[in-house]
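Undergrad: Structure in structure tokens, see below.
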Amino acid sequence: MSTMKPGTWAYAEEFPLEPEVIETARRRGGELGCTPVSPGTGAALSMLAAAVAARAVVEIGTGAGTSGLWLLRGMPADGVLTTIDIEPEHQRAAKQAYAEAGIASQRTRTISGSALEVLPRLADGAYDLVLVDGDKPEYPQYVEQAVRLLRRGGVLAIDNMLWHDRVADPAVRDQTTVVLRDLGKQLRDDERLVVSLLPVGDGLLTAVKR
Ligand SMILES: C[S@@+](CC[C@H](N)C(=O)[O-])C[C@H]1O[C@@H](n2cnc3c(N)ncnc32)[C@H](O)[C@@H]1O
């Protein structure tokens, strides 16, 4: 059992220095109702993108651009973020955030549409990192696509895998919680992946494709 105290969790979550431009994007995301990644999660995403020198990244769930900005910070200067969202209003906010952060336009490819329609059009093994942060019930299908898209050694990152403390409580059996709990266990046992569930933010499941 963990002996970590709430103060320790809060300290770790507030530890990253969140740039003002990302804080602004995070606030806008909250206002638009597309819950942004937390600073702790964002810092982990930057680190993962830097660790694999991610030049080609796919993001499922653009939101107002918070996670995209953290990813771009960790990617090499010529890295391209391909980001998918079904809500044009969210992508407009994200484009504004990228512009405010001084991101060159050729470094982001925003695709408007349903992730399950867009993902099959992307090439096998062509991506260094995939972030899953779209519609929760569709996560299992996103993940199958993500594993196909990743090169060997590429990183899969999935947000909300602890789902508001619900996944850890076996008594909670609503549909979204069960989908995410089962998916986590399925990925843990997947021979194609090396997995770690990081308790940052709302839970970031990370995996490297063998
Ligand atoms: C949690 S928010 C993403 C937050 C974003 N990653 C960030 O940190 O700012 C989820 C996003 O997924 C989008 N979304 C929901 N269903 C989708 C679908 N079927 N296909 C693509 N995007 C979807 C929503 O419009 C929303 O912007």
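Undergrad: For a quick protection proxy, order the peptides 137-144, 153-160 by their average other-Cβ count within 10 Å, most packed first.
TA: Per-residue mean Cβ counts within 10 Å order the peptides as 153-160, 137-144.
Undergrad: Next question, about the same structure. Enumerate the amide H contacts of T110 below 5 Å, restricted to partners 5 or more residues apart or on another chain; note that Pro and chain-start residues carry no placed amide H.
TA: T83
Undergrad: Quote the FRET efficiency, to the nearest 0.05, computed for E100 versus E144 with a Förster distance R0 of 35 Å and r equal to the Cβ-Cβ distance. Before the final figure, lay out the partial values.
TA: Values: r = 35 Å, r/R0 = 0.99.
So, using R0 = 35 Å, E works out to roughly 0.50.
Undergrad: I need E100, E31, E59 ordered by Cβ neighbour count within 10 Å, fewest first.
TA: With the fewest neighbours first, E100, E31, E59 line up as E31, E100, E59.
Undergrad: Relative contact order for the chain: what is it in percent, counting Cα pairs under 8 Å that are at least 6 residues apart? Don't skip to the end; give the middle numbers.
TA: Values: 405 pairs, mean separation 37.4, N = 210.
The value is 18 percent.
Undergrad: Through the Karplus equation 6.51 cos²θ - 1.76 cosθ + 1.60, θ set to phi - 60°, convert the phi angles of segment 120-130 into ³J(HN,Hα) values in whole Hz; use x for Gly and Pro.
TA: Working through the residues one at a time gives x, 7, 8, 7, 4, x, 9, 10, 8, 8, 10 Hz.
Undergrad: Which ordering of M75, M4 is given by a fewest-first count of other beta-carbon atoms within 10 Å?
TA: M4, M75
Undergrad: Counting only Cα atoms, I'd like the Rg/Rh figure for the chain, Kirkwood definition for Rh.
TA: 0.94
Undergrad: For segment 147-160, in order, what is each residue's ³J(HN,Hα) by Karplus, 6.51 cos²θ - 1.76 cosθ + 1.60 with θ = phi - 60°, in whole Hz (x at glycine and Pro)?
TA: Rounded to whole hertz, the list is 5, 5, 6, 6, 6, 4, x, x, 10, 9, 10, 10, 8, 6.
The numbers here are math on the coordinates, done by the rules we state, and not lab data. Since the model is a prediction, treat every value here as computed from it, not as a measurement. Cβ sites come from the backbone with ideal geometry, for glycine too, and all protein chains shown count toward neighbours.
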